[in-house]
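First the structure, in the form of structure tokens, and then the observations on it.
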């Protein structure tokens, strides 16, 4: 009996190992696999255009004179959650001005699974933000008990567009962010120019999120998550509110987290920081090293504006948070090219800004990436404080045309091809001229994105194990390779 049991055990183990080997061989044997290449390039008509169908050949040992992209599909990291953009008051108001046929084109451009960018992440604002035509809240002045809470303002533009996005992409996740509490709750009695949330309103402000979530639910819109405060260390001329790391921690653990749980909203994903990469480690350490605060936190959100003064984007800080707190998620919550200039609406560097950020952020552990306004007008607005910016798509109210900018196509090289549930895999370049990231989709397809910011075309080898495909990438271009 004992020998029989041992025999059966060994047989089961052998069968399991054999099946696994067969599955691995089927998934990663590239001997007869081809590489489909899609390209977007400056000074050409190529816009996520299929440009090549290549084959792998044997290349056991690359030479130092060869430029290579090395992909290791068995080295997996974070699970990809999605890409999307913000439906602000400005985006929704501009959308309402678009003719119906162009509205259809616009919705397909972002949310269609075949012809569009396959967006699955939505962000929107609680109360007004800079990209609102007016300054507003949902309560009457001084209403601490929030008895006057009403989202009628959002029913005109914002809610209808959010509903249309969910109709196109039902799997989308919506998260919400406040720029400022009502003025009466703040130390400076002004929604603009910073100020702080007064301690006597901590409980009332926590209930404000609850009211908003429940009001949207009554409209048929489910809110997946929330950030505590947009840019909590920025005193802006528009809606803003300062939270130090300790203040955000204490508001979360003593008020917002318990309030959401008490109201049956404990499933909502709470995102801390929601500001630039420069101070992200200090904020994460302060909040996540406190076990009572950390238990409420789903992830850490960040923006890219630390390079406003001409500095570098601090990608390494994002990677450090990932190393320090691997059980928490990283999500890019906002980025755009600012200082709008209508003469530079097709500026290629704007697209490269997106490509560089997305590649580095994903390589540092980011699970989701959220652009700022999905749509603005030909002036980079509307914006009630004159903070006009670029968007991937603009609508020219004079000509009635949608304008697709380089940013739209650079984002598409990721969002069109990387599927929800994909695993990032190891992907590195042997030369600094190329940037790359790779993902293994649930269907077994590998998606490798390669970007060239240089003025010359580069020939490189896509190397997977001992197999390689020779690829040429044009100057100032981005490629998606599928194999």
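Taken together, the values in this text are just the output of simple stated rules run on the coordinates, not laboratory data. These figures come from a predicted structure and were not determined experimentally. Positions of Cβ are backbone-derived with ideal geometry, glycine not excepted, and every protein chain shown enters the neighbour counts.
A few remarks follow.
- Cα centroid separation, the stretch 62-77 to the stretch 442-483 (Å): 11 Å
- Pairwise centroid distance, computed over Cα atoms, of the stretch 221-238 with the stretch 411-438, Å: 28 Å
- P(r) weight above 23 Å for the stretch 110-202, C-alpha pairs, percent: 38 percent
- Multiplying the residue separation of residue 324 and residue 217 by 0.36 nm and removing their Cα-Cα distance gives an extension gain of 35.0 nm.
- Inter-label distance, nm, simple model (7 Å from Cα along the C-beta direction), residue 102/residue 404: 1.6 nm
- With the simple spin-label model, which puts each label point 7 Å out from Cα in the Cβ direction, the residue 470 to residue 49 separation comes to 2.3 nm.
- Using the Cβ-Cβ distance between residue 397 and residue 430 with R0 = 41 Å, the FRET efficiency computed as 1/(1 + (r/R0)^6) comes to roughly 0.30.
- 0 to 90° range, to nearest 10: angle between helix 158-168 axis and the chain longest Cα axis: 20 degrees
- Over the C-alpha trace of the stretch 81-417, radius of gyration and Dmax come out as 18.7, 56 angstrom.
- The stretch 246-292 shape via C-alpha gyration tensor axes, a/c threshold 1.5: prolate
- Packing-based order for 357-370, 274-287, using average beta carbon neighbours within 10 Å, highest first: 357-370, 274-287
- FRET efficiency, 1/(1 + (r/R0)^6) with R0 25 Å, evaluated for residue 156 and residue 189 via beta carbons: 0.35
- Degrees, to the nearest 10: 406-415 long Cα axis against longest axis of the chain: 60 degrees
- Peptides 342-355, 225-238, ordered by how many other C-beta atoms sit within 10 Å of their residues on average, highest first, read 225-238, 342-355.
- Peptide ranges 84-97, 38-51 listed from the most packed, as the mean C-beta count within 10 angstrom indicates: 84-97, 38-51
- Label point 7 Å beyond Cα of residue 379 along Cβ direction - residues of the stretch 79-101 with amide nitrogen under 20 Å: 88-99
- On the beta carbon distance between residue 235 and residue 60, with R0 = 41 Å, the FRET formula returns roughly 0.10.
- Acute angle (nearest 10 degrees) that the helix 348-363 long axis makes with the longest principal axis of the chain, alpha-carbon atoms: 70 degrees
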